[in-house]
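Values quoted throughout were computed directly from the atomic coordinates according to the rules given, and no laboratory measurement underlies them. None of these values were measured; they are calculated from a predicted model. Backbone-built Cβ (ideal geometry, glycine too); neighbour counts: all protein chains shown.
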Amino acid sequence: MSDTPIDSEKRTWLIATSCAGVVGGVATAVPFVSTFQPSERAKAAGAPVEVDISTLKPGEKITVEWRGKPVWIVRRTPEQLAALPKIDPELADPKSERHPEQFTPPYARNEWRSIKPEIFVAIGICTHLGCSPSDKFTPGPQPSLPSDWPGGWLCPCHGSTFDMAGRVFKNKPAPDNLEIPPHMYLSDTRLLIGEDKKA
């Protein structure tokens, strides 16, 4: 059997087809692999958001986005937690009994409105007209706040005030406490916002 060399035209054709096959394979694989990642549309529709809270210090807040809404995560101080039961008489719904299915999941129907007392998770939208309240964590007299202010949030639009558990004070425009989104702990330092199957 004799060795016949492949002519240069055939060799060029073979190389070109092999390269086209590789490029085509990669072009097919990339979109396929990318389908494993949640799309922007899926995120907007409510895909869960994972949050690392390992660096969150007492008295600090971080904000993440879920379903196009701001979600606040606050690590409350021991002083902030101790103040919560003392202001129950000043609140419109201290035990979150109004519309509990809509605003407070079962695992957050407690004094802290949270799974763990120190970590508070809430949607940062006022239940009056949808404004985003401002942080007013420092207790004491301040502009637009009472002299015995315990710390919490002030909605600048119409003056609704919320305590450090997102509970609305009496005689304010906001009809309900801040909404608690579905959430769960994946570990001591990782939260999943938007899903609560294990909670």
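So which of T161, T189 is polar (S, T, N, Q) and closer than 15 Å to L129 by Cα? Lay out the reasoning, then the answer.
Numbers: T189 fails: closer than 15 Å to L129 by Cα.
None of the other options fit; the residue is T161.
Looking only at segment 162-199, how many residues end up being among the hydrophobic types (A, V, I, L, M, F, W, C), under 18 Å from I62 (Cβ atoms) and assigned to a loop (DSSP other than H, G, I, E, B)?
Qualifying residue count, segment 162-199: 4.
Go through segment 118-130 and give me each residue that's in a loop (DSSP other than H, G, I, E, B) and buried (at least 16 other Cβ atoms within 10 Å of the Cβ). Working first, answer last.
Within segment 118-130, the first condition is being in a loop (DSSP other than H, G, I, E, B), and the residues that meet it are 118, 124-130.
Matches in segment 118-130: G124, I125, C126, T127, H128.
Take the residues of segment 138-149 that are buried (at least 16 other Cβ atoms within 10 Å of the Cβ) and touching a strand residue (DSSP E or B) at 6+ places or on another chain (Cβ under 8 Å): which is farthest from R75 (Cα to Cα)? Give the derivation first.
Applying the first criterion (buried (at least 16 other Cβ atoms within 10 Å of the Cβ)) to segment 138-149 yields 139, 145, 149.
Still in the list and also touching a strand residue (DSSP E or B) at 6+ places or on another chain (Cβ under 8 Å): 145, 149.
On the way: L145: 23, W149: 19 Å.
Among them, the one singled out is L145.
Looking at segment 158-180, I want the residues that are closer than 11 Å to F103 by Cα and have a partner that is crowded, with 24+ Cβ neighbours inside 10 Å and among the aliphatic types (A, V, I, L, M) with Cβ atoms under 6 Å, at least 6 apart or on another chain. Which pairs are those?
Here the result reads G166/A122; G166/L178; N177/V168; L178/A122; I180/A108; I180/A122, each pair linking segment 158-180 to a residue that is crowded, with 24+ Cβ neighbours inside 10 Å and among the aliphatic types (A, V, I, L, M).
Are any of the residues in segment 174-194 more than 22 Å from the chain's Cα centre (by Cα) and closer than 21 Å to K69 by Cα? Even if it seems obvious, please write down each step before you answer.
Residues of segment 174-194 more than 22 Å from the chain's Cα centre (by Cα): 175.
Narrowing further to those that are closer than 21 Å to K69 by Cα: 175.
There is at least one residue in segment 174-194 that is more than 22 Å from the chain's Cα centre (by Cα) and closer than 21 Å to K69 by Cα.
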